[in-house]
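Please read the structure below before turning to the comments.
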Amino acid sequence: MAVSLSKGQKVDLTKTNPGMTKVIVGLGWDTNKYDGGNDFDLDSSVFLLGDTGKVTSESDFVFYNNTTGANGSVVHTGDNRTGEGDGDDEQVKIDLANVPASIQRITFTITIHDGEARSQNFGQVSNSYVRILNEDTGEELIRYDLGEDFSIETALVVGELYRHNGEWKFSAIGSGYQGGLAALAKDFGLQVG
């Protein structure tokens with residue numbers, strides 16, 4: 001049975017699931033009734049962070065235009081432009097055993113594409129979550145439902161996998177940002193145009 005987390009909680013992933021190396025991180029959301037005339041396109045992105053809490057190169061930013069990182073051990077399965085339907089809207093596959101040692105944290109974010117320009121924000125989004133599945137069995141191991149705590153934010157850091165004493169743990173973060181993907185990218189050490 002999946003462990004359900006609250007904001008700020010941390011849980012062991014590999015220690016409690018010995019031998020498991022491949023996981024799928026699923027991210028999902030629904031948009032509330034919205035009649036602004038624009039599509040509502042949410043995107044998941046992954047930042048692969050070193051000891052400093054920053055990316056070491058642009059290739060450590062994994063998203064729909066750069067779907068593979070960490071020497072192939074982190075793979076984004078593609079962009080869902082509408083968020084319609086049940087289940088995960090976007091997924092990231094991770095081979096934990098092959099993540100380079102230089103990567104200490106794998107941080108998962110959701111942003112609203114052109115949110116500021118379209119006057120869209122996470123106050124118009126509901127049922128957002130992140131969950132971790134065992135890729136081999138399909139079993140849901142960890143789930144974090146973000147709740148409705150956001151109003152003006154256009155970017156969320158939902159959670160991260162991180163190394164601790166040779167094992168991988170998951171932290172439920174749930175922090176909102178204004179400024180969309182550009183603000184997140186800058187915080188994680190990327191130069192944005």
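Every number in this text was worked out from the coordinates using simple rules, so none of it is lab data. Note that the structure is a prediction, hence the values are computed from the model and not measured. No Cβ is skipped: glycine too gets one built from the backbone with ideal geometry, and neighbour counts run over all protein chains shown.
Pull out the extension gain between His164 and Ala101, defined as 0.36 nm times the separation in residues minus the alpha carbon to alpha carbon distance; nm, one decimal.
Full extension from His164 to Ala101 adds 21.5 nm.
Starting from the Cα gyration tensor of the range 98-193, take the square roots of the eigenvalues, sort them a ≥ b ≥ c, and report rounded, prolate or oblate (rounded when a/c is under 1.5, otherwise prolate if a/b is larger than b/c, else oblate).
On the way: a/c = 2.50, a/b = 1.41, b/c = 1.77.
The shape class here is oblate.
Sorted by average packing, counted as other Cβ atoms within 10 angstrom per residue and highest first, what order do 106-116, 140-150 take?
For the peptides 106-116, 140-150, the packing ranking is 106-116, 140-150.
Please compute the modelled spin-label separation between Asn66 and Thr52, points set 7 Å along Cα→Cβ, answer in nm with one decimal.
1.5 nm
How long is the gain from Asn127 to Gln178 if the chain were fully straight, where each residue apart is worth 0.36 nm and the alpha carbon distance is subtracted? Kindly include the intermediate steps, with their values, before the conclusion.
Working: separation 51, 0.36 × 51 = 18.36 nm, distance 1.97 nm.
Once the chain is fully extended between Asn127 and Gln178, it gains 16.4 nm.
What is the ratio of the Cα radius of gyration of the range 3-188 to 2.2 N^0.38 Å, with N the residue count, to two decimals?
So the range 3-188 has a normalised radius of gyration of 0.97.
In straight Cα distance, which lysines are under 29 Å from Lys10, not counting same-chain residues fewer than 8 positions off?
Correct list for Lys10: Lys22, Lys54, Lys93, Lys169, Lys186.
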